[in-house]
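Just so it is clear, none of the values below were taken in a lab; they were calculated from the coordinates. If you're wondering where the values come from, they're calculated on a predicted model, not measured in any experiment. Methodologically, a virtual Cβ is constructed for each residue, glycine included, from the backbone with ideal geometry; neighbour enumeration extends over all protein chains shown.
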Amino acid sequence: MTGGVPADGPIPVIAIDGPTASGKGTVAARVARTLGWSVLDSGALYRLSALAALRRGVSDTDDQALADIARGLDIQFLGDKVLLDNDDVTEQLRHEHIGEMASRIAPLQPLRDALLERQRAFRQPPGLVCDGRDMGTVVFPDATLKIFLIADVDARAQRRYNQLIEKGFSANLGDLLTDLKARDQRDQNRSVAPLKPAHDAVVVDSSNLGVDQTVDCILAHWRNRI
Ligand code: C5P
């Protein structure tokens, strides 16, 4: 048994989906560390595709060129660091304009198709915790536990603001709020892999929960599941 899962069953996956800045990434990393599993931040793959496209001068509407870029991405995840073409892009990936471009190219089906197998390759023993928008609906529809993590938009804007200020970036709360609302709209209303809870997802509202409480809540759901 690993993390409470029989060794001969499918490799377990905990899928955590939800809107921008709902805390998915932090929570997914903590749940993975607790269980000793690997982690996939799928948003990073969309951000990396956006950054690589910007560097190569590829337009955000050229879906085939974007798919080629996604397929050929030379990336490494080293602990908390992300390398693109051997260059440390960890900080750049978090810039708002990269997140914004990622959200604009994310509806393009050829790009999503190109990233699908790359994401599934992260499913390695003893287990995977992944976060994104379509982990439980499209990428890992057979995930053992599906969490849909929400938080009200003001709480999310405030969290994003605090994160940016802590890292020494300048930020404007009003602009962040406007940007988050626009991204929510785009992610929820696109026809391809829209942001929505899987029919068998557990909805967790973290508006009034700290990181520790959210992690504990997800681990409790996991223990109930196995
Ligand atoms: O999660 P993060 O903000 O890093 O993701 C950046 C963008 O990538 C999102 O706004 C979303 O449009 C897109 N995305 C997606 N599907 C995923 C993860 C991210 O469409 N599984």
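Name the residues of segment 40-70 whose amide N is less than 17 Å from a point 7 angstrom out from the Cα of Asp85 along the C-beta direction?
47-60, 65-70
Tell me, Leu78, Leu48, Leu108 in order of fewest to most beta-carbon neighbours within 10 Å?
Result, fewest neighbours first: Leu78, Leu108, Leu48.
Taking H placed 1.01 Å from N in the peptide plane, check which residues at least 5 places from Ile16 or on another chain put their amide H under 5 Å from its amide H.
Close amide H contacts, sequence-distant or interchain: Cys130, Asp131, Gly132, Ile147.
Rg and Dmax of segment 148-226, using alpha carbons, in Å: what are they?
Cα-based Rg and Dmax for segment 148-226 come out at 15.0, 44 Å.
Distance from a point 7 Å along Cα→Cβ of Asn162 to each backbone N in segment 9-36: keep the residues under 19 Å and list them by number.
The answer is 19-31, whose backbone nitrogens lie closer than 19 Å to the label point.
Provide Thr90, Thr144, Thr178 in ascending order of the number of other Cβ atoms located within 10 Å of each residue's Cβ, fewest first.
Thr178, Thr90, Thr144
Restricting the count to DSSP beta bridges whose residues both fall in segment 13-225, what percent are antiparallel, rounded to a multiple of 5?
DSSP beta bridges in segment 13-225 are roughly 25 percent antiparallel.
Run through all the Cα pairs of segment 14-105 and give the fraction in each 10 Å bin from 0, expressed as whole percent.
Calculated P(r), rounded to whole percents: 15, 47, 31, 6, 0.
Mind ordering 13-26, 159-172, 113-126 by average Cβ neighbours within 10 Å, highest first?
With the highest mean Cβ count within 10 Å placed first, the list reads 13-26, 113-126, 159-172.
Any chance you could run the full-extension gain for Leu219 through Gln64? It's 0.36 nm times the residue separation minus the Cα-Cα distance, nm to one decimal.
51.8 nm
Rounded to the nearest 0.05, what FRET efficiency do Arg118 and Asp200 give with R0 = 22 Å and r taken as the Cβ-Cβ distance? Could you check?
Efficiency at R0 = 22 Å is approximately 0.35.
Is there a quick way to get the dipole size of the chain? I mean about its Cα centre, with the Cβ of Lys and Arg at +1 and of Asp and Glu at -1; what is the value in debye to the nearest 20?
Around 280 debye, computed over the chain.
Where does each of 31-39, 130-138 land if you order them by average Cβ count within 10 Å, highest first?
So the order, starting with the most tightly packed, is 130-138, 31-39.
In segment 13-225, with Lys and Arg counted as +1 and Asp and Glu as -1 at Cβ, which of these residues, Ile105, Ile69, Gln119, has the Cα nearest the positive end of the dipole, that is, farthest along it?
Looking along the dipole axis, the top candidate is Gln119.
Would you check the chain for Lys pairs whose C-alpha atoms are within less than 25 Å, ignoring same-chain pairs closer than 8 in sequence, and give me the count?
10
If the elastic network links every pair of Cα atoms under 10 Å, which of Ala44, Ala155, Ala106 fluctuates the most in the Gaussian network model of the chain?
In the Gaussian network model the winner is Ala155.
I'd like to know how the chain sits against the 2.2 N^0.38 Å rule of thumb: what's its Cα Rg over that expected value?
0.98
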